[in-house]
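Data first, discussion second: the structure below is written as structure tokens.
The values are calculated or read from the model by the stated rules, or taken from the named source; none is laboratory data. These figures come from a predicted structure and were not determined experimentally. Cβ placement follows ideal geometry from the backbone for every residue including glycine, while neighbour counts extend to all protein chains displayed. Accessible surface areas use protein heavy atoms only, side chains included; no ligands, DNA or RNA. Shrake-Rupley method; radii C 1.70, N 1.55, O 1.52, S 1.80 Å.
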Amino acid sequence: MDTPLVVEEKKQGKVILIIDKQGTIGKEIAHELVNQTTTVLVSEQKPLDETTVFVPFVKAVPEVPEGKYSHIFLISSEQKHHELTPSLIEKANNDDARFIYVLSYRDYKEEMLKQLEECSNYVLVLLGEIFGNREFPSLISDLFSQAKEGKVSLPELGLETVRPALFEDVIESIIRIGMGGQKKILTFAFSKHPMTCLSVVHGLQKENPDIKIDFPQSSKTTSILSLPEGTYLLDSTYPVGEKLREAYKKWKEHIPRFSSQNNDVLSLAPIKKRKKEVKKPILLVVSTGVLLLLLPWIWLGMSFLTAGVMAEPLKKAVLSGNFQQGKTYAQAMTALLGAGQWSKPIAEWEASVIGQEGSVSVLFSQINTSEQLATIVAISCNGLSHLQTVMKGNPQNPLNEFTSGINDIKSGLLLEQQLNVALLPGSLQPTVKKLQPLLTLAEETIDISPQLFGFTKQMTYLVLLENNNELRPGGGFIGSYAVVSVKNGKITSFTVHNVYDADGQLKGHVEPPFAIRRYIPLVHWYLRDSNFSADFIKDAQNAAFFLKAETGEEADGVVGVDLSVIKTLLASSGPVYLPTYNQTITPDNFFLLTEQHAEKNNFAGSTQKQDFLNALSQELQKKLFAGNFSAQSLLENIYPLFSQKHLLVAFADGGLQQIFTVNSLSSSLTDLRPTEAGQYNDFAAISEANIGINKVNFFVKRNVLQDMSISPTGSVSGTLNIIYTNTSDGTWPGGDYKNYLRVFLPQGAQLSAISLNGVLQSRYPAVIDPKVYEATNFKAPKGLEIEQTTEGGRVGYGFLVIIPKTATTTVSISYVLTQKIQLSGKLVSYNALLFKQPGTDAYPYTFTLEYPSALKLFTSPSGTIIETNKATLKESLDTDKNYQFVFTNQ
């Protein structure tokens with residue numbers, strides 16, 4: 001019988017056992033630990049260091065060398081290696097050793113974790129798809145190989161899920177958690193957010209745009225493997241896309257592009273010495289040589305400079321709406337930049353001679369990226385030219401013309417996804433980055449554009465012109481509205497109306513919301529007050545109902561537009577002169593002049609409001625169609641108007657509405673966050689309604705502080721402190737701010753206290769029966785009447801608060817949530833969402849979260865200020881804010 005191998009522990013170190021048949025991971029771990037301890041590697045591959053004790057892996061289930069170990073690593077690559085687990089668990093328990101079990105997440109079975117529970121000190125590490133600058137047996141290596149050949153085949157539309165991680169980062173993660181102190185923990189050596197194979201290849205296309213993608217048919221069903229609850233060793237900011245591209249770049253360069261030993265590729269044989277009898281002027285020879293060396297750079301410079309000269313006229317053409325001319329300039333730039341790259345092989349070789357190949361590679365990457373951008377602009381200009389023809393003229397076949405334009409724009413958007421913005425000239429990067437959210441929005445909605453632009457049927461849109469200086473839950477008081485009809489891509493009618501004209505036609509009674517009838521007071525409900533819901537989709541449904549009831553017109557969609565949208569148009573168009581009024585309108589004077597001409601002394605039947613707004617809209621349209629506006633400014637601000645909820649849309653068609661809801665374009669209370677195990681979703685919304693019949697919101701500033709607390713038992717409580725400052729001196733159009741304030745919280749939340757300027761208020765259920773509060777002998781309770789409602793799955797609490805002129809009032813609302821956070825899990829996730837009210841401008845917002853000492857903050861949003869058991873974020877509330885905090889149990 002063979003004598004068993006006995007490993008003796010060094011006096012000043014530990015002995016670590018690593019079992020890895022394949023050896024790729026095991027020998028790297030042994031190499032990293034060899035200077036710290038004695039390492040024993042059981043593998044088919046020899047270790048990287050002579051000091052590592054090597055035991056060949058010769059049997060299906062190898063015998064473990066005798067000895068006492070402090071750590072036992074098992075890297076499992078085959079199902080039968082799992083048979084080692086019971087004996088290794090027993091060995092680990094006997095040696096009081098730490099057992100680190102490493103395997104692919106695709107091989108994980110639930111019973112493995114149950115088996116590991118028999119070990120007193122274990123770590124289970126699940127691996128994703130490992131990649132690096134050499135081949136690994138994973139799907140990523142297969143994609144790398146196909147990409148190098150120039151064509152990648154992606155079954156199931158490339159939607160198969162992968163969880164990539166760089167080899168070096170995986171090794172570091174395994175060692176860090178393996179040699180750490182946490183016991184009985186399941187971990188993942190990859191980032192939390194998976195990728196699709198398609199997104200991986202799109203990333204590689206940024207390195208090589210010539211990679212083609214094929215989508216073969218397959219009967220296989222794509223599925224996402226569910227993962228157990230565990231700790232992610234690579235945080236959510238792990239730059240997997242960047243690491244994939246860098247690894248692919250190194251990986252494909254293993255076979256040199258030019259080889260001095262392969263004359264079929266490029267001959268670099270030594271130059272023979274000239275015969276002495278050949279006589280040529282030395283100066284001529286040197287000059288010729290220098291010229292030949294400089295020729296590729298001269299050509300490159302001429303091409304690049306000539307293309308650069310065209311950049312400015314291209315920009316002017318596009319921004320003025322001359323898309324055909326823009327297309328011509330962009331195509332010329334594409335050709336010039338492409339022609340300049342013929343010198344790339346020679347320039348790279350020359351640079352390698354002087355050790356500057358890296359700089360030249362970056363230069364040509366920048367030129368290639370600029371060429372990509374020029375191509376995108378050319379294609380997009382062609383598409384926009386088609387759409388312009390549809391909107392301005394009467395093409396023979398509007399649908400074909402529109403479809404051609406949309407297809408070109410789709411192609412441009414697809415190419416934009418592959419664009420590496422970091423390689424563009426510095427002057428272009430800010431503009432492209434600002435436009436990217438808008439381009440993403442276009443990608444999400446472009447497929448339904450034929451329906452939106454009236455190619456399936458005429459579309460009628462109700463545009464609510466909301467004055468957010470008289471703030472309402474849906475944006476602002478609806479003083480006017482427009483009805484826009486679109487058919488076959490062309491606006492067939494556009495009319496602006498005074499809302500009082502429509503409201504005067506309402507027959508019958510519609511019961512208004514409680515606050516409108518009780519505090520304005522108005523007995524009937526009309527279109528002008530229809531946006532009283534915190535959910536704009538509900539507001540749109542109400543507005544469409546009133547339009548039909550009052551005028552007989554039906555709306556397919558409703559668009560909410562507040563003063564910020566008009567100001568953005570004025571900022572892009574420049575000052576607008578109105579001849580009829582002999583006044584020039586600018587973003588700065590727009591509000592006061594509008595109030596002067598359209599609101600003051602207004603009465604039912606008056607046309608002064610619609611006359612003024614019609615005159616302004618007509619002059620704006622003239623400037624826009626004549627190209628006398630900054631298209632760049634307008635395009636850069638369209639997406640912020642949506643995200644900041646100054647521009648909202650909703651549709652009667654449920655399919656259309658779903659697309660706009662999931663893209664957060666309708667300010668819906670619908671919660672789009674996933675409900676995952678171990679995640680606690682919190683929510684808060686502040687909804688104000690100016691019911692004082694003035695425009696005081698022009699003068700009102702606010703500051704919001706939200707303080708949340710998690711108790712040691714898992715209960716959650718919070719306080720919203722809203723600090724209002726009314727700078728109005730009381731003269732028109734200001735005054736006191738009569739604010740019907742509502743807060744919406746998770747279902748079941750209970751109010752615990754309300755204070756005004758630090759004074760605790762008595763609270764009573766609101767008297768909502770008009771027969772009671774409209775009675776002549778009615779006396780309101782001395783305190784706050786609280787109206788409780790349910791909307792969008794949230795509980796709402798509303799009450800009246802008045803902020804006097806030139807005064808500051810602090811409203812403090814404290815509450816307790818009924819649902820508790822489960823603190824027993826290994827990971828505890830708290831996700832807070834503050835819902836921004838449409839129509840409000842940005843204001844200071846501070847979020848504070850206090851948590852028990854038993855929790856350790858693992859991940860938090862960027863910019864978090866961390867103190868003892870307390871996390872704070874200070875931001876400007878210009879959009880909805882979503883904060884996620886992940887804790888581990890200490």
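Residues GLU118, GLU168: which one is open to solvent by 20 Å² or more (accessible area, probe 1.4 Å), part of a loop (DSSP other than H, G, I, E, B) and either under 27 Å from HIS71 (Cα atoms) or polar (S, T, N, Q) (or both)? Explain how you work it out, then say what you get.
On the way: GLU168 fails: part of a loop (DSSP other than H, G, I, E, B).
Selected residue: GLU118, the only one of GLU118, GLU168 that is open to solvent by 20 Å² or more (accessible area, probe 1.4 Å), part of a loop (DSSP other than H, G, I, E, B) and either under 27 Å from HIS71 (Cα atoms) or polar (S, T, N, Q) (or both).
Give me the residue from the range 670-692 that is of a type outside the set (S, T, N, Q) and under 19 Å from the mean Cα position of the chain (by Cα) and, out of that set, least open to solvent (accessible area, probe 1.4 Å).
ARG673
Return the pairs, sorted by first residue and then second, in which the second residue is at pLDDT 95 or above, the first residue lies in the range 518-544 and is among the acidic types (Asp, Glu), the beta carbons are less than 6 Å apart, and the residues are 6+ apart or on different chains.
ASP529/ILE516; ASP539/GLY474; ASP539/ASN531; ASP539/SER533
For every residue, the table says whether it meets (1) on the phi > 0 side of the Ramachandran plot; (2) of a type in the set (A, V, I, L, M, F, W, C); (3) in contact with a strand residue (DSSP E or B) (Cβ under 9 Å, 6 or more places away or on another chain).
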{"residue": "HIS509", "(1), (2), (3)": "no, no, no"}
{"residue": "ALA534", "(1), (2), (3)": "no, yes, yes"}
{"residue": "ASP539", "(1), (2), (3)": "no, no, yes"}
{"residue": "LEU547", "(1), (2), (3)": "no, yes, yes"}
{"residue": "THR551", "(1), (2), (3)": "no, no, yes"}
{"residue": "ASP556", "(1), (2), (3)": "no, no, yes"}
{"residue": "LEU563", "(1), (2), (3)": "no, yes, yes"}
{"residue": "SER572", "(1), (2), (3)": "no, no, no"}
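Hey, does the range 693-700 have a residue that's within 30 Å of the chain's Cα centre (by Cα) and not basic (Lys, Arg)? Can you show your working first?
Residues of the range 693-700 that are within 30 Å of the chain's Cα centre (by Cα), as a first pass: none.
No; the residues of the range 693-700 include none that is within 30 Å of the chain's Cα centre (by Cα) and not basic (Lys, Arg).
Can you pull out every residue in the range 848-890 that is touching a strand residue (DSSP E or B) at 6+ places or on another chain (Cβ under 6 Å), open to solvent by 60 Å² or more (accessible area, probe 1.4 Å) and of a type in the set (A, V, I, L, M)?
Residue satisfying the conditions is ILE865 alone.
Do we have THR85 as open to solvent by 60 Å² or more (accessible area, probe 1.4 Å) and at pLDDT below 85 here?
no
Does the range 121-134 contain at least one residue that is at pLDDT below 85, open to solvent by 20 Å² or more (accessible area, probe 1.4 Å) and out of contact with any helix residue (DSSP H, G or I) (no Cβ under 6 Å at 6 or more places or on another chain)?
Within the range 121-134 (the criterion being at pLDDT below 85, open to solvent by 20 Å² or more (accessible area, probe 1.4 Å) and out of contact with any helix residue (DSSP H, G or I) (no Cβ under 6 Å at 6 or more places or on another chain)), the answer is yes, since at least one residue qualifies.
Could you list, in sequence order, all residues of the range 530-569 that are among the acidic types (Asp, Glu) and over 32 Å from the mean Cα position of the chain (by Cα)?
Matches in the range 530-569: GLU550, GLU553, GLU554.
Restricting to the range 545-593, count the residues that are aromatic (Phe, Trp, Tyr) and assigned to a helix (DSSP H, G or I). Even if it seems obvious, please write down each step before you answer.
From the range 545-593, those aromatic (Phe, Trp, Tyr) are 545-546, 577, 581, 590-591; that's our starting set.
Subsequent filtering for residues that are assigned to a helix (DSSP H, G or I) retains 545-546, 590-591.
Here the count works out to 4.
Could you list all residues from the range 704-743 that are assigned to a strand (DSSP E or B), closer than 17 Å to TYR843 by Cβ and among the β-branched types (Val, Ile, Thr)?
Residues satisfying the conditions are VAL704, ILE722, ILE723, THR725, VAL743.
Scan the range 171-196 residue by residue and report those that are over 20 Å from the mean Cα position of the chain (by Cα) and not in a loop (DSSP other than H, G, I, E, B).
Residues satisfying the conditions are ILE171, GLU172, SER173, ILE174, ILE175, ARG176, ILE177, GLY178, ILE185, LEU186, THR187, PHE188.
Any residue at all in the range 421-442 that's more than 28 Å from the chain's Cα centre (by Cα), on the phi < 0 side of the Ramachandran plot and surrounded by 15 or more Cβ atoms within 10 Å (Cβ to Cβ)?
No, because not a single residue in the range 421-442 is more than 28 Å from the chain's Cα centre (by Cα), on the phi < 0 side of the Ramachandran plot and surrounded by 15 or more Cβ atoms within 10 Å (Cβ to Cβ).
Please determine whether any residue of the range 881-890 is within 30 Å of SER762 (Cβ to Cβ) and out of contact with any Pro (no Cβ under 9 Å at 6 or more places or on another chain).
Applying the first criterion (within 30 Å of SER762 (Cβ to Cβ)) to the range 881-890 yields none.
Taking every residue of the range 881-890 in turn, none turns out to be within 30 Å of SER762 (Cβ to Cβ) and out of contact with any Pro (no Cβ under 9 Å at 6 or more places or on another chain).
Starting from the range 130-159, keep only residues that are within 30 Å of GLU172 (Cα to Cα) and in a helix (DSSP H, G or I), then list their pairs with residues that are open to solvent by 30 Å² or more (accessible area, probe 1.4 Å) and at pLDDT 85 or above whose Cβ atoms are within a distance under 7 Å, requiring at least 6 positions of separation or different chains.
GLN146/SER153
Given the conditions (1) part of a strand (DSSP E or B); (2) in contact (Cβ under 8 Å) with a residue 40 or more places away in the chain, report the number of the one that LEU823 does not fulfil.
LEU823 satisfies every listed condition except (1).
The rows are residues; the columns are (1) of a type outside the set (A, V, I, L, M); (2) more than 23 Å from VAL15 (Cβ to Cβ); (3) in contact with a Phe, Trp or Tyr (Cβ under 7 Å, 6 or more places away or on another chain).
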{"position": "SER104", "(1), (2), (3)": "yes, yes, no"}
{"position": "ASP107", "(1), (2), (3)": "yes, yes, no"}
{"position": "GLN115", "(1), (2), (3)": "yes, yes, no"}
{"position": "SER120", "(1), (2), (3)": "yes, no, no"}
{"position": "GLU129", "(1), (2), (3)": "yes, yes, no"}
{"position": "SER138", "(1), (2), (3)": "yes, yes, yes"}
{"position": "SER145", "(1), (2), (3)": "yes, yes, no"}
{"position": "GLU149", "(1), (2), (3)": "yes, yes, no"}
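If we scan the range 366-387, do we find a residue that is modelled with pLDDT under 75, surrounded by fewer than 18 Cβ atoms within 10 Å (Cβ to Cβ) and farther than 20 Å from LYS433 by Cα?
The answer is no; no qualifying residue exists.
Quick grid of which residues meet (1) open to solvent by less than 80 Å² (accessible area, probe 1.4 Å); (2) at pLDDT below 55; (3) not in a loop (DSSP other than H, G, I, E, B):
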{"position": "PRO209", "(1), (2), (3)": "yes, no, no"}
{"position": "ILE213", "(1), (2), (3)": "yes, no, yes"}
{"position": "LYS220", "(1), (2), (3)": "no, no, no"}
{"position": "PRO228", "(1), (2), (3)": "yes, no, no"}
{"position": "LYS243", "(1), (2), (3)": "yes, no, yes"}
{"position": "GLU246", "(1), (2), (3)": "no, no, yes"}
{"position": "TRP251", "(1), (2), (3)": "yes, no, yes"}
{"position": "SER259", "(1), (2), (3)": "yes, yes, no"}
{"position": "ALA269", "(1), (2), (3)": "yes, yes, no"}
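Quick one: VAL162 ticks every box in (1) in contact with a strand residue (DSSP E or B) (Cβ under 9 Å, 6 or more places away or on another chain); (2) in contact (Cβ under 8 Å) with a residue 40 or more places away in the chain bar one, so which box is it?
That leaves (2) as the condition not met.
Given the structure, is LEU760 open to solvent by 30 Å² or more (accessible area, probe 1.4 Å), of a type in the set (A, V, I, L, M) and either over 21 Å from ILE516 (Cβ atoms) or in contact (Cβ under 8 Å) with a residue 24 or more places away in the chain (or both)? Before the answer, list the steps.
Values: open to solvent by 30 Å² or more (accessible area, probe 1.4 Å): yes; of a type in the set (A, V, I, L, M): yes; either over 21 Å from ILE516 (Cβ atoms) or in contact (Cβ under 8 Å) with a residue 24 or more places away in the chain (or both): yes.
Yes, satisfied.
If we keep just the residues of the range 730-746 that are modelled with pLDDT of 95 or more and open to solvent by 30 Å² or more (accessible area, probe 1.4 Å), which is farthest from GLY474 (Cα to Cα)?
Out of the qualifying residues, it is ASP736.
Among THR39, THR24, which is in contact (Cβ under 8 Å) with a residue 60 or more places away in the chain and among the β-branched types (Val, Ile, Thr)?
Details: THR39 fails: in contact (Cβ under 8 Å) with a residue 60 or more places away in the chain.
Checking each option against the conditions leaves just THR24.
Go over the candidates VAL767, VAL801 one by one and state the one that is in a strand (DSSP E or B), open to solvent by less than 50 Å² (accessible area, probe 1.4 Å) and aliphatic (A, V, I, L, M).
VAL801
Among the residues of the range 645-665, what is the count of those that are more than 29 Å from VAL816 (Cα to Cα), in a loop (DSSP other than H, G, I, E, B) and modelled with pLDDT of 90 or more?
Residues in the range 645-665 being more than 29 Å from VAL816 (Cα to Cα), in a loop (DSSP other than H, G, I, E, B) and modelled with pLDDT of 90 or more: 4 in total.
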